[in-house]
1. Would you mind stating whether Met82 is over 24 Å from His278 (Cβ atoms), at pLDDT 95 or above and in a loop (DSSP other than H, G, I, E, B)?
2. Which condition breaks for Val131 when tested against (1) out of contact with any Pro (no Cβ under 6 Å at 6 or more places or on another chain); (2) in the same structural domain as Val240 (by the TED database)?
3. Filter the stretch 85-104 down to the residues that are assigned to a loop (DSSP other than H, G, I, E, B) and out of contact with any Pro (no Cβ under 6 Å at 6 or more places or on another chain), then identify the one that is surrounded by the most Cβ atoms within 10 Å (Cβ to Cβ).
4. Which pairs have Cβ atoms under 8 Å, sit 6 or more apart or on different chains, and link a residue in the stretch 226-239 that is under 21 Å from Ile275 (Cα atoms) and surrounded by fewer than 24 Cβ atoms within 10 Å (Cβ to Cβ) to one that is modelled with pLDDT under 95 and of a type outside the set (Ser, Thr, Tyr)?
5. Which one of these does Cys61 not meet: (1) surrounded by fewer than 17 Cβ atoms within 10 Å (Cβ to Cβ); (2) under 27 Å from Val269 (Cα atoms); (3) not charged (D, E, K, R)?
6. Looking at the structure I just gave you, is Ala211 open to solvent by less than 10 Å² (accessible area, probe 1.4 Å), touching a Ser or Thr at 6+ places or on another chain (Cβ under 7 Å) and at pLDDT 95 or above?
7. Given the conditions (1) assigned to a strand (DSSP E or B); (2) over 24 Å from Lys26 (Cα atoms); (3) open to solvent by less than 60 Å² (accessible area, probe 1.4 Å), report the number of the one that Arg110 does not fulfil.
8. Taking only pairs six or more apart or across chains, which ones have beta-carbon atoms under 7 Å, a first residue in the stretch 110-121 that is under 11 Å from Thr179 (Cβ atoms), and a second residue that is among the hydroxyl-bearing types (Ser, Thr, Tyr) and surrounded by fewer than 21 Cβ atoms within 10 Å (Cβ to Cβ)?
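The values are calculated or read from the model by the stated rules, or taken from the named source; none is laboratory data. Keep in mind it's a predicted model, so treat the numbers as computed, not measured. Cβ placement follows ideal geometry from the backbone for every residue including glycine, while neighbour counts extend to all protein chains displayed. Areas reflect the complete protein model, heavy atoms only, side chains present, ligands, DNA and RNA absent. Shrake-Rupley method; radii C 1.70, N 1.55, O 1.52, S 1.80 Å.
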Amino acid sequence: MEEDILYHFSLSTKTHNLPEMFGDIKFVCVGGSANRMKAFAQFMHHELKLPGIPEDIRDICEGTDRYCMYKVGPVLSISHGMGVPSISIMLHELIKLLHHARCRDVVLFRLGTSGGVGLAPGTVVITDKAVDYSFLPQFEQVVLGKVITRSTELDEGVANELLQCSSELQNFPTVIGNTMCTHDFYEGQGRLDGALCSFSHEEKLEYLRKAYEAGVRNIEMESTVFAAMCRVCGLKAAVVCVALLNRFDGDQITSSHDVLVEYQQRPQVLVSHFIKKHLGLVA
């Protein structure tokens, strides 16, 4: 095509020099919240000891209100909204952006929050396999009325390296386990506290027990499409989420604001350490 308009990023191959803007990107970190990804960009600015003031980082996507995007040296920090549809739109345009910018050897990370399954609040989960509601490592995409099934296996080497980074930091508990991706926050995750609920407390616990036995250690809403699209496109990727609660103990998040803020920083600290190791900034 003569021009590729990345509509939801407010970028285009005709109006922007993408290789000049993004050609040095080596790490892409995505997360649901715009505020959290701005904070992560400012954190990375400090961690990489870059010149300038972190608070002055500009949102590259300021021409749209769908997503935010910040570039900090070789690191791109992008929000993806909530759920599979929102992150999939972002990923299509991100992967095209990396292609047009001629980026090479890029590693992608999804940083997020989740509900733990048999884990203490604050535990960080590095995803082994992203699984669906039936605990299978697959993502089903409807294309032209037909269901296309794609594998959701993530890069084992990146996951193991992240686990090694966590042992070096020794700041918080970290495990590798399967992550279950659901289509919503309430019924799909077996919550009893939504506007609709058609099952009992005992049925919920039985489902969570089956999930745990299948290796599931946390639940969120984006990992399967993230893993599937990265795998199809040959991109190394990892999902790193902190558990805000143990779903066996309840459905509502009751920790204080300050505690939740610290929990949400844990995946950022872990991935930051990974990035700094690859850049030769830490031993």
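1. Yes.
2. For Val131, the exception is condition (1).
3. Among those that are assigned to a loop (DSSP other than H, G, I, E, B) and out of contact with any Pro (no Cβ under 6 Å at 6 or more places or on another chain), it is Cys103.
4. Once the first residue is under 21 Å from Ile275 (Cα atoms) and surrounded by fewer than 24 Cβ atoms within 10 Å (Cβ to Cβ) and sits in the stretch 226-239, its partners that are modelled with pLDDT under 95 and of a type outside the set (Ser, Thr, Tyr) give Arg231/Glu153.
5. Going through (1) surrounded by fewer than 17 Cβ atoms within 10 Å (Cβ to Cβ); (2) under 27 Å from Val269 (Cα atoms); (3) not charged (D, E, K, R) one by one, Cys61 breaks only (1).
6. Here the answer is no, as Ala211 does not meet what is asked.
7. (2)
8. So the pair list comes out as Val117/Tyr212.
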